[in-house]
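Worksheet: the structure to be examined is printed underneath.
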Amino acid sequence: MPLTEENPVEDPGVRQAADRLLAAARTRTPCAPVRDVLPDGTAETAYAVQNILTADALAAGRRIVGRKVGLTSPAVQQQLGVDQPDFGVLFADTAVPDGGVADSAALLQPKVEAEIAFVLSADLDAPDLDAAAVRAATEHVVAALEIVDSRIAGWDITFADTVADNASSAMYVLGPRQVPLAGLDLTEVRMELVDAVGDIVSSGTGAACLGDPVTAVLWLARTCRDLGSPLRAGEVVLSGALGPMVPAAAGARYTATLSTLGSVSVAFSDPGTATTDRRSVGVTAG
């Protein structure tokens, strides 16, 4: 969010919140909520924390490849006790291949949710953005899984906490089937998320995502444009959950099937078998 004349990024509480989240990610020990050290509970101040963490990540050589919209599903909003969407940044090193294994040792208290991802072929920076512009700028959509995580103990989060924590982002998985958006009504997409034995653990439709995933991407495009960091061609946009989040146990596997868009899956390693050093995954925000 744009900073006020008081410049909340310079408030010691903002820096303290950022340091608390960084320490939690580095030590793999969830921390206390950051809302108690922020000068106020506004979105502006929370995004100031997020911006610090993004800047630190970029300085460390990480690369932004897209954005995510969070808190779009009424089910997820109810789970977390919030009533509005937020957004975060996707980094290149947080992508997990379809059917691949997410390193459980790099995660604290992960959950998995099924989404529709948009891959952009054009910038979304015009002053008159609308749903038609989002559709025209979308190269294709794919089934996706987002692995969300919270550096805050017990997911004891308010809106300010999750915003500061990069919208609780950790990793993401894109499915293999690339479907043109033209003529496709995403509100009618049906989703089922199943575990390794085939039990349905979450379900929903495209309509659960702010009424239409295109609406969620439009909200994000307008917000990012107004903040001076518009969505760009080539970026991946996770548009938001289609159903409730599910706790992701080490050693488990989850597969989401989305009508029209196909399937996408991910497994979670057992703690003793994780080999990838992903100490910074999910730490930063933007």
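The values are calculated or read from the model by the stated rules, or taken from the named source; none is laboratory data. What you see is a predicted model, and the numbers here were worked out from it, not measured in a lab. As a convention, Cβ positions derive from the backbone with ideal geometry for all residues, glycine included, and neighbour counts pool all protein chains shown.
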Expected output for the stretch 108-128 (first residue polar (S, T, N, Q), partner assigned to a loop (DSSP other than H, G, I, E, B), Cβ below 7 Å, 6+ apart or cross-chain) is 109/30; 109/149; 109/150; 121/233
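May I ask you to say which residue of 145, 193, 186 is within 14 Å of the chain's Cα centre (by Cα), crowded, with 24+ Cβ neighbours inside 10 Å, farther than 30 Å from residue 44 by Cβ and modelled with pLDDT of 95 or more?
Matching residue, one of 145, 193, 186: 145.
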Here's a check for you: in the stretch 212-241, which residue that is part of a loop (DSSP other than H, G, I, E, B) and modelled with pLDDT of 95 or more is nearest to residue 194 (Cα to Cα)? 212
If you check 194, 201, which single one turns out to be in contact (Cβ under 8 Å) with a residue 60 or more places away in the chain and more than 16 Å from residue 135 (Cβ to Cβ)? 194
The one condition residue 224 fails out of (1) touching a Ser or Thr at 6+ places or on another chain (Cβ under 6 Å); (2) among the hydrophobic types (A, V, I, L, M, F, W, C); (3) surrounded by 15 or more Cβ atoms within 10 Å (Cβ to Cβ) is (1)
Using the structure shown, decide if residue 17 is among the hydrophobic types (A, V, I, L, M, F, W, C), within 30 Å of residue 262 (Cα to Cα), modelled with pLDDT of 95 or more and crowded, with 20+ Cβ neighbours inside 10 Å. no
From the residues in the stretch 58-85 that are modelled with pLDDT of 95 or more and either of a type in the set (D, E, K, R) or part of a helix (DSSP H, G or I) (or both), which one is farthest from residue 116 (Cα to Cα)? 59
